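These notes are about the structure you will find just below.
The values are calculated or read from the model by the stated rules, or taken from the named source; none is laboratory data. Predicted model, so just to flag it, every value in this text is computed and none were measured. Neighbour counts are summed over all protein chains in view; Cβ atoms, including those assigned to glycine, are modelled from backbone coordinates with ideal geometry. Only protein heavy atoms, including side chains, enter the accessible area calculation; ligands, DNA and RNA are left aside. Shrake-Rupley method; radii C 1.70, N 1.55, O 1.52, S 1.80 Å.
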Amino acid sequence: MSKQKKTLHSQKKQLSRLKKDLKVNLSSFLTIGHALRSIKDKELFLLEGYKTFNEYCILQWDISPNKANYYIRLASAYENIKTVNSTEKIIMPLNEFQVGHLVRLPKEKQILAWQEILKQLIKKTNELSLNSRLIKRIADLHLNRNGAGLTSLVKPSDNWNFQSNIYLPENVNGHGYISGEVYANAFWYYAKEGDLVVDPMAGSGLAKQVYDDRTRWMGKEHSYNFDLRLYDLSPQKKFIIKNNILENFPIHNPDYIFMDIPYFQMVKGQYSEKKDDIANIVDWGQYLNALRIVAKNCFDSQKKGKFCTVMVSNSRDLSTGKKYMVAGEVVKIWEEEGYALYDKAYSPRHIQITKSTGMAVLNNKAKKKKIMLTDMTEILTFKK
C-alpha cells in the first residue's frame, strides 16, 4: 500500500471514530468540540464530498456553523485553563454553561480569569465548589478591562445601562441594591483624588466593593484614591457605621455625597421595621418632609462647589394607580434648599426581574391591573 493510500486509510479511520464520538456523546460538549475541531482543522469533511466545513455541519449534523464553532471554542477554552490548577484537588468547570462565560475572553484573559476564580474559591470557602455566578462575574470583569485605559464600565453618555451586573452584594438577606456599575460611574465623574466621599444610605455596602476594585474600571493609568465613608440606619456590614440621616448628617465637609433613596411605598419593611426608616413611610406628605430634612442635612454639611448625587425612582400605587413623580419633587426640594441641578443620568434598576417571591407577586399584580411599575431611575447630581 502506497504512503498516500495509507494516509487516506488512516484519515478515514479517524473520521469514522470521530463520527462515532459525536453520535454516542452528543451530550458532551467537550467530545463534540474536540471532534469538530479535528474535522475542521484537518479538512476531513472533504472525504465525504462536502466542499466546506459549514456545509458539512449543516447537511451532516443539522447544526449551524456558528454552533459548531462555539463547541470548538468551548473545548479550546477548557483545555486552555487546565494548566492553571495549582491545588491538590483539580477544579474545572462543570458544564458548557460555565465554560461559556470564559469563551468570551481571549486566551490570555481566560488564564487570568481562571486564576482569579480559583483564588476566590480558596479564599472564601473551605469547600472547593464552583457556581456559574462567580465565573460570570470574574469573566465580566476581565471582559470589561481594556489594558491600562478606561473600561466600558465607564459610560461616555448619560445612559448608564449595563448588560449584566458585575458587582453584586455578598451575603445580603434579600435587601435591595443598585447596580455597582452606577457607583463606578458616579465616582468617576464626581469624585476627585483625595475627596471625602460619603454614602449615608449605604444599604448592602456595595460601594466599598466597587471602590476596592477601582483599578479595574478606572484603569491603572487613571486610578486614584479617595476617602469613602459608608453609613446607614440599619448597617448590614461591619464597615458601615450606624447613622440616622433624618437626625443629622454623619460627617462634616464631605466633598461628594451619593445616596440611593428608597422607593416610596414600595419597599416598606424591606430594610427594617423602624418607624424612622424612610423606606417605611407610606404617607406622601411625610415622605416629602423626610426628603426635605435629608436635603437640608446634606446642604448644611457641605461647602460651596461640592456635589451631591441622589438616585431616585418614581413610584406608583397599585391599589389606586396613582403615580408619584418623586424625581421631580427631589429636584424641587434640593433646589429650594440651595443646590443647583448640575447633571442627570438614567439607569434601569432591573428590579422587575428580581427572582424573589415578593417581586413576582408584585409584578403579576401590576400586570393584571394594567399598571406599569417603574424600573428606571434618574441619577440627579446637584452642586452647592
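Select from segment 209-230 the residues that are under 15 Å from the mean Cα position of the chain (by Cα) and charged (D, E, K, R) and list them in ascending order.
Asp213, Arg214, Arg216, listed by residue number.
Yes/no matrix, rows are residues, columns are (1) assigned to a loop (DSSP other than H, G, I, E, B); (2) open to solvent by less than 60 Å² (accessible area, probe 1.4 Å); (3) modelled with pLDDT under 80:
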position: Ser223; (1), (2), (3): yes, yes, no
position: Tyr231; (1), (2), (3): no, yes, no
position: Leu246; (1), (2), (3): yes, yes, no
position: Tyr271; (1), (2), (3): yes, no, yes
position: Lys275; (1), (2), (3): yes, no, yes
position: Ala279; (1), (2), (3): no, yes, yes
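Determine which single condition Lys237 fails, assuming it passes every other condition in (1) closer than 21 Å to Leu153 by Cα; (2) out of contact with any strand residue (DSSP E or B) (no Cβ under 6 Å at 6 or more places or on another chain).
The failed condition is (1).
If you check Tyr339 against the conditions, is it at pLDDT 80 or above and under 20 Å from Met259 (Cα atoms)?
Yes: the conditions hold for Tyr339.
Six or more apart or on different chains, Cβ under 6 Å: which pairs go from a residue in segment 317-328 that's within 14 Å of Asp283 (Cα to Cα) to one that's in a strand (DSSP E or B) and open to solvent by 50 Å² or more (accessible area, probe 1.4 Å)? Could you list them?
Within 6 Å, the pairs are Lys323/Arg316.
Can you run down the residue pairs with Cβ atoms below 7 Å, 6 or more apart or on separate chains, where the first is in segment 10-28 and at pLDDT 80 or above and the partner is polar (S, T, N, Q)?
Partner pairs satisfying both residue conditions: Leu18/Ser38.
Would you please name the residue that is modelled with the lowest pLDDT, looking only at residues in segment 344-359 that are exposed (fewer than 15 other Cβ atoms within 10 Å of the Cβ) and under 10 Å from Leu380 (Cα atoms)?
That would be Tyr346.
Within segment 80-91, track down each residue that is open to solvent by less than 80 Å² (accessible area, probe 1.4 Å) and either modelled with pLDDT of 85 or more or within 19 Å of Arg37 (Cα to Cα) (or both).
Result: Asn80, Ile81.
With the requirement that a residue be surrounded by 13 or more Cβ atoms within 10 Å (Cβ to Cβ) and on the phi > 0 side of the Ramachandran plot, what does segment 43-79 give you?
Glu43 - this is the single residue of segment 43-79 that is surrounded by 13 or more Cβ atoms within 10 Å (Cβ to Cβ) and on the phi > 0 side of the Ramachandran plot.
Could you list, in sequence order, all residues of segment 184-199 that are open to solvent by less than 10 Å² (accessible area, probe 1.4 Å) and either free of Cβ contacts under 8 Å to residues at least 60 places away in the same chain or touching a helix residue (DSSP H, G or I) at 6+ places or on another chain (Cβ under 8 Å) (or both)?
Ala184, Phe187, Val197, Asp199
Report, ordered by the first and then the second residue, all pairs with beta carbons closer than 7 Å, sequence separation of six or more or different chains, a first member in segment 93-107 that is without any contact (Cβ under 8 Å) to a residue 24 or more places away in the chain and more than 14 Å from Ser28 (Cα to Cα), and a second member that is open to solvent by less than 40 Å² (accessible area, probe 1.4 Å) and of a type in the set (D, E, K, R).
Within 7 Å, no pair qualifies.
For the structure I just gave you, tell me whether Lys304 is touching a residue at least 40 places away in the same chain (Cβ under 8 Å), surrounded by fewer than 19 Cβ atoms within 10 Å (Cβ to Cβ), within 26 Å of Trp188 (Cβ to Cβ) and of a type in the set (D, E, K, R).
For Lys304, the condition - touching a residue at least 40 places away in the same chain (Cβ under 8 Å), surrounded by fewer than 19 Cβ atoms within 10 Å (Cβ to Cβ), within 26 Å of Trp188 (Cβ to Cβ) and of a type in the set (D, E, K, R) - is met.
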